[in-house]
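Reading through the structure tokens given below for one structure.
Every number here is computed from the coordinates shown, using simple stated rules; none is lab data. Treat the numbers as computed from the prediction; the structure is a model and nothing was measured. Ideal geometry is used to build each Cβ from the backbone, glycine not excepted, and the neighbour counts take in all protein chains shown.
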Amino acid sequence: MSISLADVQAAGFPMGGEPLVALDLVDTKMLVTDPPQDLIADPATAEAWWHLQSARLPDGPPPDLAATQRLRTAIRDLFDAHLEGRSARAGSLDDVNAVVAAVPTSLRLTRADGAYREEVRWHTEGGGNASLAATARGAIELLADERRLAKLRRCANPNCSMLFLAETARRQWCTPNICGNRTRVARHYARTHQHD
């Protein structure tokens, strides 16, 4: 299941609806503001964000705020390291792997409407949070898939820090209705006011 940019924006978040929850999570911190703006800085906002993502995640309680922010920092570092051609901090890889390891999975075969279906069972019996683990797993799957990873982009607006997967080579902005419009307006203004 997916969510749309319109759904995310209606809930008060400027960016989201990417194919991976991990990308939506890293985009909850705006790094180009001084100081950086955390869009999930309090437990209530973080819970609302996880609720918005819930259709794409395993059942279970939302993660706590500190664990959410720690995973976000680790995933962001891994994504930024790829985009910047540098090594990620050692702790980032460890944090992502620890979150996934805390909630093992197994496949289950179920039968519904006369057909078999494959389901993933998230084993939270030993602790851990299934939503965090699924989010970390999505980041791992992206980072390990060179073809998909080549589509990871940072918004072309220099005043934006958002990341996205460019499903088309033409996509340059995180959102067409915010950064895309701002860039087009700025270009138009520059063209029409060159000789003033």
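Tabulated values for the structure
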| read-out | value |
| --- | --- |
| A166 long-range amide H proximity, modeled H, under 5 Å | L152, R153 |
| Compactness of the chain - radius of gyration and Dmax, Cα, Å | 18.6, 72 |
| Which of H123, Q194, P19, positive extreme of dipole for the chain (C-beta unit charges) | Q194 |
| Separation of alpha-carbon centers, the range 113-147 and the range 22-86, rounded to whole Å | 17 Å |
| The chain - mean residue ellipticity at 222 nm from DSSP helices (-39,500 (n - 2.57) per run, n ≥ 4, rounded to 500) | -13000 deg cm²/dmol |
| Fewest-first sequence of L132, L165 by Cβ atoms within 10 Å of each Cβ | L165, L132 |
| Trypsin sites (Lys or Arg not before Pro) restricted to DSSP loop in the range 65-166 with at most 11 other C-beta within 10 Å | R86 |
| Net charge contributed by nearby residues that have their C-beta within less than 13 Å of A169 (K/R +1, D/E -1) | +3 |
